[in-house]
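> Got a structure here, written out as structure tokens. Questions coming.
Computed from the coordinates by the stated procedures, all read-outs in this text should not be read as laboratory data. Just so it is clear, the model here is predicted, and its values are computed rather than measured. So basically every Cβ, Gly included, is an ideal-geometry build from the backbone, and we count neighbours across all protein chains shown.
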Amino acid sequence: MIRVENVTKVFNPGRPSEYVALRGVSAAVPENKVVVLTGPSGSGKTTLLSLLGCMARPTSGRIHLGEREISSLPERFLAELRRTAFGFIFQSFNLVPGLTTLENVMVPACPLGQPRHQVRDRAAALLEKFRLGGKIGQTVESLSGGEKQRTAIARALINDPPTIIADEPTANLDTALSLEFLEIVGQLRAEGKTFIIASHDAIVHEAQVVDQVISLRDGMVVPAGPHDC
Ligand SMILES: Nc1ncnc2c1ncn2[C@@H]1O[C@H](COP(=O)(O)OP(=O)(O)O)[C@@H](O)[C@H]1O
Ligand SMILES: [Mg+2]
């Protein structure tokens, strides 16, 4: 369970550009569920996602990961948590050009200092699982949109994190690929993973695989409704 308790996030505090992106948000993400953060552009989805994924600290309020209060931990603990507790799927995938599909999947495992051959074998097995076994030696530029998406998913799984965080994962995908993404989410949930997905895409919040929708507006949680996307 990941829980945020009355969190606020103020960007550029005290400056003329000060902006309150979250205004006292409380929310909980249970284990092995698919939770979607939705709301209009600028409503605070990415900001809340970055707090839930330990990528940023709240200005006030608390974040609990299981029994642990993490909002006050020093940066090196947060960095460690980020690597082991979370896998990230970024908007437009953020694959590294010039590296092969296999190397891209290996990237998040590098700071953990495991033997390279073990990481390579795990990466190859993940790519095989996502039907990319024949593409491991190709640079990512040569992949199709769907193949890039599956490579990004494989990369998020390389450290076998319990929770996957995805920011607008379907933003650059057509309907068929968006549905394929959601099918993979369903498979991974069946394997025990938790998903937190920020998305203003109706295909995502209407998907059967979604257990819970948290709707944001102007940095606050509002009751979820059909017009909040
Ligand atoms: N680093 C930042 N500095 C200043 N303002 C920011 C920063 N990040 C986000 N914001 C502002 O906070 C608000 C919420 O942003 P964000 O969480 O990215 O919204 P969403 O993902 O729902 O579109 C936006 O108005 C955005 O401009
Ligand atoms: Mg966003």
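> Which residue fluctuates the most in the chain, going by a Gaussian network model with Cα springs under 10 Å, if the choices are Gly53, Gly87, Gly24?
Its mean-square fluctuation being the largest, the pick is Gly24.
> Additional query: For the chain, find the longest principal axis of its Cα atoms and tell me its angle to the long axis of helix 175-190, 0 to 90°, nearest 10.
90
> Still on this structure, I have one more. Taking the 0 to 90 degree range and rounding to the nearest ten, how far is the long axis of helix 75-85 tilted relative to the main principal axis of the chain, both from C-alpha atoms?
The answer is roughly 60 degrees.
> Follow-up question, since we're still on this one. Sort 135-144, 117-126 by packing, meaning the average of other beta carbons within 10 Å per residue, with the highest value first.
On the way: 135-144: 14.8, 117-126: 16.3.
So the peptides 135-144, 117-126, ranked by packing, come out 117-126, 135-144.
> Related question: Kindly work out what percent of the DSSP beta bridges joining two residues of the stretch 95-221 are antiparallel, to the nearest 5.
Working: 3 of 8 bridges.
Counting DSSP beta bridges with both partners in the stretch 95-221, the antiparallel share is about 40 percent.
> Tell me the GluC sites (Glu not before Pro) within the stretch 168-229 that lie in a loop according to DSSP and have at most 16 other beta-carbon atoms within 10 Å. Display every interim value, and only then the final one.
Details: sites: Glu180, Glu183, Glu191, Glu206; in loops: Glu191, Glu206.
When the GluC sites (Glu not before Pro) of the stretch 168-229 are filtered for loop state and at most 16 Cβ neighbours within 10 Å, Glu191, Glu206 remain.
> Could you give the angle, 0 to 90 degrees to the nearest 10, between helix 145-156's Cα long axis and the longest principal axis of the Cα atoms of the chain?
The angle comes out at about 70 degrees.
> Please name which of Ile70, Gly44, Phe86 has its Cα lying farthest along the dipole of the stretch 1-108 towards the positive end, using unit charges on Cβ (Lys, Arg +1; Asp, Glu -1) and the Cα centre as origin.
Selected residue: Gly44.
> Could you list Ser215, Ser92, Ser199 in order of exposure, starting from the residue whose Cβ has the fewest other Cβ atoms within 10 Å?
Values: Ser215 21, Ser92 12, Ser199 25.
The order, fewest Cβ neighbours first, is Ser92, Ser215, Ser199.
> Next question, about the same structure. Subtracting the Cα-Cα distance from 0.36 nm times the residue separation, let me have the gained length for Val107 to Ala56 in nm, one decimal. Walk me through the numbers before you get to the answer.
Details: separation 51, 0.36 × 51 = 18.36 nm, distance 2.10 nm.
Extra length available between Val107 and Ala56 comes to 16.3 nm.
> Then there is this: How do Phe195, Phe11, Phe130 line up, fewest other C-beta atoms within 10 Å first? Could the numbers behind the result be given before it?
Numbers: Phe195 24, Phe11 14, Phe130 20.
Placing the least packed residue first, the sequence is Phe11, Phe130, Phe195.
> Using 0.36 nm times the number of residues separating Phe90 and Ala28, minus their current alpha carbon distance, what extension gain do you get?
20.2 nm
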